[in-house]
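Q: The structure that follows is given in the form of C-alpha cells.
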Amino acid sequence: MNFLLDENFPKAVRPALERAGHRVIDFREVGIRGSDDEAIMTLAAQEDAVVLTTDRDFFHTLGREPGHPGLVVVALKQPTREKILARLTWLIERVGEDHLRGRAIQLRDRAWQAYPPLDEG
C-alpha cells in the first residue's frame, strides 16, 4: 500500500511502514511546503496513496468528499511519535489495508471513527 505523509506527520513513522512493505511518500520531500490541503489530496490521488496526517480538519472536510484514495487522521491528546505509530499499526492490523482505501478514518486515544462507516457485522 502507498502512504503519503502530510507535513505534520512524524517522519519516524516512515521506516516502520517501509519495513512492513509499504511505499511511503513524504510531502515534505516532493511537495511545496505550506501547500493547501487540496495540493496534498491531488498528490495522494496521483500516487494512489492514503494520506496520513494529524490535521483534524481533514477528516471533517476533505474526508467527506468522495473520490479520495484514503485518509487517516491521528488526533491524540498528547501525541508522540511512538503513540502515533502504535495507533496507526493498530488500525492497519485491526481494519486491514483494503478498508483504508477511499475511506476517512480518525484515530483518537481510545476511539476511532470511519467515513463511510465500516460494516462491523
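The values are calculated or read from the model by the stated rules, or taken from the named source; none is laboratory data. Here the structure is a predicted model, which is why all the values come from computation and not from measurement. No Cβ is skipped: glycine too gets one built from the backbone with ideal geometry, and neighbour counts run over all protein chains shown.
Q: Could you list all residues from the range 1-29 that are touching a Lys or Arg at 6+ places or on another chain (Cβ under 8 Å), outside any loop (DSSP other than H, G, I, E, B) and not polar (S, T, N, Q)?
A: Across the range 1-29, the qualifying residues are PHE3, LEU5, VAL13, VAL24, ASP26, ARG28.
Q: What pairs come up if the first residue lies in the range 31-43 and is farther than 14 Å from LEU4 by Cβ and loosely packed, with under 10 Cβ neighbours inside 10 Å, the second is charged (D, E, K, R) and at pLDDT 85 or above, and their beta carbons are under 7 Å apart, counting only those six or more places apart or on different chains?
A: ARG33/GLU7
Q: Kindly provide the set of residues from the range 3-16 that are in contact (Cβ under 8 Å) with a residue 60 or more places away in the chain and under 19 Å from VAL95 (Cβ atoms), ordered by number.
A: Across the range 3-16, the qualifying residues are PHE9, VAL13, ALA16.
Q: Follow-up. Tell me which residues, restricted to the range 91-121, are outside any loop (DSSP other than H, G, I, E, B) and either of a type in the set (Val, Ile, Thr) or in contact with a Leu (Cβ under 8 Å, 6 or more places away or on another chain) (or both).
A: Result: LEU91, ILE92, VAL95, HIS99, ALA104, ILE105, LEU107, TRP112.
Q: From the list LEU100, LEU62, LEU107, LEU88, pick out the single residue that is under 17 Å from GLU7 (Cα atoms) and modelled with pLDDT of 90 or more.
A: LEU88
Q: So, in the range 65-77, of the ones that are at pLDDT 90 or above and more than 12 Å from ASP6 (Cβ to Cβ), which residue ends up farthest from the chain's Cα centre (by Cα)?
A: In this case the residue turns out to be LYS77.
Q: Within the range 75-90, how many residues are free of Cβ contacts under 8 Å to residues at least 40 places away in the same chain, closer than 14 Å to LEU17 by Cβ and in contact with a helix residue (DSSP H, G or I) (Cβ under 8 Å, 6 or more places away or on another chain)?
A: 0
Q: Restricting to the range 91-107, name every residue that is without any contact (Cβ under 8 Å) to a residue 60 or more places away in the chain, within 13 Å of the chain's Cα centre (by Cα) and under 24 Å from ALA12 (Cβ atoms).
A: Across the range 91-107, the qualifying residues are LEU91, ALA104, ILE105, GLN106, LEU107.
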